[in-house]
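Input: a single structure, listed below in structure tokens.
The values are calculated or read from the model by the stated rules, or taken from the named source; none is laboratory data. The model shown is predicted, which means the values in this text are computed figures rather than measured ones. Note that we place each Cβ from the backbone using ideal geometry, even for glycine, and neighbour counts take in every protein chain shown.
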Amino acid sequence: MSDSAKISAADPSTRPIPVLEVFGPTIQGEGMSIGRKTMFVRTAGCDYRCSWCDSKFTWDGSAKDEIRMLSAAEIVEELFALGGNTFDHVTISGGNPLLLPQMSFLVQQLHDHGIRTAVETQGSRWQDWLVRIDEVTLSPKPPSSGMETDFEVLDSIVARLLEASGRRDICIKIVIFDEEDLNYARDVHKRYPDVPFILQTGNPQVSHESEDHVSSLLHRYEWLIDRLSELPDLKDARALPQLHTLVWGNKRGV
Ligand code: MET
């Protein structure tokens with residue numbers, strides 16, 4: 001092996017990316033860019049196992065045969081094959097895309113094409129490429145998920161994003177199923193009062209759905225609005241439904 005080949009083999013930016021889905025154009029169904037036209041890249045693998053995860057196939061082994069190891073250039077090619085000249089925004093989700101240092105190369109290539117980038121992550125891992133993302137959603141998981149937040153890690157991620165130079169939007173988004181989740185969310189907002197804050201309706205039916213799925217989600221959203229209205233410590237928060245579940249239910253690839 002030549003020296004340059006050795007160097008490139010050790011260079012994380014050339015490592016292939018485990019991809020489960022590339023789809024769009026569609027809309028971002030949740031968070032600060034809700035309604036925004038975007039393409040999605042969904043990576044495989046997660047350090048969490050949320051009880052109500054709507055993308056369990058990214059970590060439970062059920063879609064392991066669908067995982068494709070793609071270079072950044074191949075992902076970009078696929079995005080343009082699907083979206084042509086109809087998009088200028090790509091959302092990277094998972095799984096937890098922050099497990100992958102080699103995403104830096106994809107982020108760079110997207111920016112070289114004039115594409116705006118967004119990332120969805122629970123905020124449990126850091127990668128340096130995160131500061132180059134235009135819209136960062138940190139989504140720490142409340143008690144109903146069965147996960148525990150490492151606040152030391154989250155503190156350092158928030159601090160690094162706020163201190164980094166350059167323009168980016170960041171928000172914290174917390175899925176709310178019950179009062180315990182709401183208490184967790186209030187503590188998180190108190191901890192990071194300067195970060196735009198979103199409460200999101202929980203979706204209890206992620207594998208199947210009953211006929212009244214939409215009305216049950218809307219009832220949960222109404223409850224969330226009612227509770228938000230009453231809380232003096234959440235004056236500047238937003239309450240949002242997951243728009244895509246209202247339109248498409250739990251369908252994949254939309
Ligand atoms: N793991 C990331 C998050 O928690 C993205 C997808 S969750 C289905 O936001």
(request) Return yes when Arg160 is within 28 Å of Leu99 (Cβ to Cβ) and at pLDDT 95 or above and no when it is not. (result) yes
(request) Within region 40-76, track down each residue that is assigned to a strand (DSSP E or B), more than 12 Å from the ligand (Cβ to nearest atom) and closer than 23 Å to Trp126 by Cα. (result) Met69, Leu70
(request) Return yes or no: is Leu106 of a type outside the set (Phe, Trp, Tyr) and closer than 30 Å to Pro143 by Cα? (result) no
(message) Looking only at residues that are outside any loop (DSSP other than H, G, I, E, B) and of a type in the set (Val, Ile, Thr) in region 110-126, which one is nearest to the ligand (Cβ to nearest atom)?
(response) Thr121
(request) Tell me the helices (runs of 4 or more DSSP H) entirely within region 144-254 that contain at least 2 residues that are in contact (Cβ under 8 Å) with a residue 60 or more places away in the chain and either in contact with a Gly (Cβ under 8 Å, 6 or more places away or on another chain) or surrounded by 13 or more Cβ atoms within 10 Å (Cβ to Cβ) (or both). (result) 243-248
(request) For region 19-39, enumerate the residues that are among the hydroxyl-bearing types (Ser, Thr, Tyr) and either farther than 16 Å from His244 by Cα or part of a strand (DSSP E or B) (or both). (result) Thr26, Thr38
(message) Of all residues being more than 14 Å from the ligand (Cβ to nearest atom) and over 20 Å from Arg186 (Cα atoms) in region 127-143, which is surrounded by the fewest Cβ atoms within 10 Å (Cβ to Cβ)? Just the residue, please.
(response) Asp128
(message) Going through Val131, Val90, Val107 one at a time, which residue ends up being outside any helix (DSSP H, G or I), within 23 Å of Leu161 (Cβ to Cβ) and of a type in the set (A, V, I, L, M, F, W, C)?
(response) Val90
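Could you grab me the full set of residues in region 95-105 that are within 8 Å of the ligand (Cβ to nearest atom) and either among the charged types (D, E, K, R) or touching a residue at least 60 places away in the same chain (Cβ under 8 Å) (or both)?
Gly95
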